[in-house]
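Asker: Encoded as structure tokens, here's the structure I'll be asking about.
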Amino acid sequence: MTGASAGAPVRPPAALSRTGARVERQPLARFTTLGVGGEAEVWFVGTHEQLAEAMEQPYRVLGGGSNLVIADEGVPERVIRLSGPFAERDLELDPALSAGDGVVTGWVGGGVPLPGLLRALQKLGLSNLEGTVGIPAQVGGAVWMNAGTRYGEMFDGLHTIEIVTPAGVRQVTPDDLNWGYRNSGIPRNHVVTQVRLKLRRSTPEAVLERMEHADVARKGQPKMKTPGCAFKNPRTPEFPDGVSAGRLIDQAGLKGTRVGNAMISPDHANFIVNLGGATAADVHALLHLIRERVGVAMELEYELWPEQALSAPERA
């Protein structure tokens with residue numbers, strides 16, 4: 001007998017690109033920090049022409065894969081990954097836009113890994129983004145969600161943002177956007193392809209010291225596969241300025257709770273970790289359990305693909 005096994009799902013072939021983009025059907029788990037997610041058609045694009053072609057059909061954009069839980073069945077849309085020139089960085093300072101301690105870099109691609117960018121800026125003694133240390137994102141995704149910590153966020157260091165939509169390419173500044181906590185104001189179907197950074201001159205030693213200070217707050221976070229923090233810190237009548245989501249989950253007695261091969265981390269209750277072989281269904285069940293048990297309205301920090309209501313945990 002030749003061909004697919006009896007009963008095996010028939011996967012459609014990947015599309016052919018007329019602009020030279022690489023297109024493959026791949027499991028999305030390999031692109032996420034959680035390590036779960038089914039298959040989809042992945043477009044690796046490195047030019048505006050390739051990106052425009054990929055956006056001709058329904059699509060999603062996948063960067064560093066943190067803060068994301070993808071369904072075990074994958075997604076039907078094309079999944080766009082920035083590569084080539086969109087994953088390169090130019091940290092030469094633009095003299096026309098720089099003055100005194102305030103400097104502006106060349107273009108940094110949306111597909112550039114944020115941790116490597118921070119190391120390069122530290123070595124150059126350029127400051128403003130130390131507060132994002134430890135975030136395993138790509139620049140485009142970090143900008144799109146305004147990733148950060150209590151010590152700073154992406155919009156602290158942005159000068160210009162290039163955004164691509166199905167209608168074309170445009171450049172905006174932070175002042176053009178209604179950005180805020182974990183939100184850039186950039187619509188979902190827009191792609192952050194590259195940015196210019198607005199930084200301050202400092203010294204490698206001073207930048208490293210600030211990075212290490214910000215990193216201390218992350219020492220209690222789990223080192224296993226995880227998307228990051230599960231819920232945003234909620235505001236309650238008792239805590240109008242916000243209360244730690246991890247503290248609330250811990251108080252509910254949920255640390256170490258396990259469904260399948262997913263577990264609420266015993267190190268930090270606002271993290272769900274993959275013990276090896278976890279499924280998206282396992283993670284959804286834990287998220288639902290947290291919302292059910294905490295007793296406070298909890299807003300997800302994770303993005304779910306596809307968007308859906310959380311499934312209830314199975315009960316005996």
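Asker: Taking the residues in segment 234-250 that are under 19 Å from Leu289 (Cβ atoms) and free of Cβ contacts under 8 Å to residues at least 60 places away in the same chain as candidates, determine which candidate is surrounded by the most Cβ atoms within 10 Å (Cβ to Cβ). Spell out how you get there, then give the answer.
Answerer: In the first step, residues of segment 234-250 are kept if they are under 19 Å from Leu289 (Cβ atoms); the result is 234, 244-250.
With the extra rule that they be free of Cβ contacts under 8 Å to residues at least 60 places away in the same chain, the set shrinks to 244-250.
Numbers: Ser244: 16, Ala245: 22, Gly246: 22, Arg247: 13, Leu248: 23, Ile249: 27, Asp250: 17.
Here the residue is Ile249.
Asker: While we're on this one: Pull up segment 202-233, narrow it to residues that are over 27 Å from Gly65 (Cβ atoms) and of a type in the set (S, T, N, Q), then point me to the one that is surrounded by the most Cβ atoms within 10 Å (Cβ to Cβ).
Answerer: Ranking the qualifying residues of segment 202-233, first place goes to Ser202.
Asker: Cβ-Cβ under 7 Å, sequence separation 6+ or interchain: first residue in segment 196-222 and more than 19 Å from Val139 (Cβ to Cβ), partner basic (Lys, Arg) and at pLDDT below 95. Which pairs?
Answerer: Ala217/Arg150
Asker: Within segment 77-102, which residues are outside any loop (DSSP other than H, G, I, E, B) and either surrounded by 21 or more Cβ atoms within 10 Å (Cβ to Cβ) or of a type outside the set (A, V, I, L, M, F, W, C) (or both)? Can you show your working first?
Answerer: If we filter segment 77-102 for residues that are outside any loop (DSSP other than H, G, I, E, B), which is where we start, we get 78-82, 84-87, 89, 93, 99, 102.
Selection gives Arg78, Val79, Ile80, Arg81, Leu82, Gly84, Pro85, Phe86, Arg89, Gly102.
Asker: If I go through segment 90-131 residue by residue, how many of them are touching a residue at least 60 places away in the same chain (Cβ under 8 Å) and closer than 25 Å to Leu34 by Cα?
Answerer: Final tally of qualifying residues: 6.
Asker: Would you say Gly74 is in contact with a Ser or Thr (Cβ under 8 Å, 6 or more places away or on another chain) and buried (at least 16 other Cβ atoms within 10 Å of the Cβ)? Full working, then the answer.
Answerer: Working: in contact with a Ser or Thr (Cβ under 8 Å, 6 or more places away or on another chain): no; buried (at least 16 other Cβ atoms within 10 Å of the Cβ): yes.
It is false that Gly74 is in contact with a Ser or Thr (Cβ under 8 Å, 6 or more places away or on another chain) and buried (at least 16 other Cβ atoms within 10 Å of the Cβ).
Asker: Got a number for residues in segment 142-154 being surrounded by fewer than 21 Cβ atoms within 10 Å (Cβ to Cβ) and free of Cβ contacts under 8 Å to residues at least 40 places away in the same chain?
Answerer: The total comes to 1.
The values are calculated or read from the model by the stated rules, or taken from the named source; none is laboratory data. Please read these numbers as outputs of a predicted model, since none were measured by experiment. Positions of Cβ are generated from backbone atoms using ideal geometry, with glycine treated the same way; all protein chains shown enter the neighbour counts.
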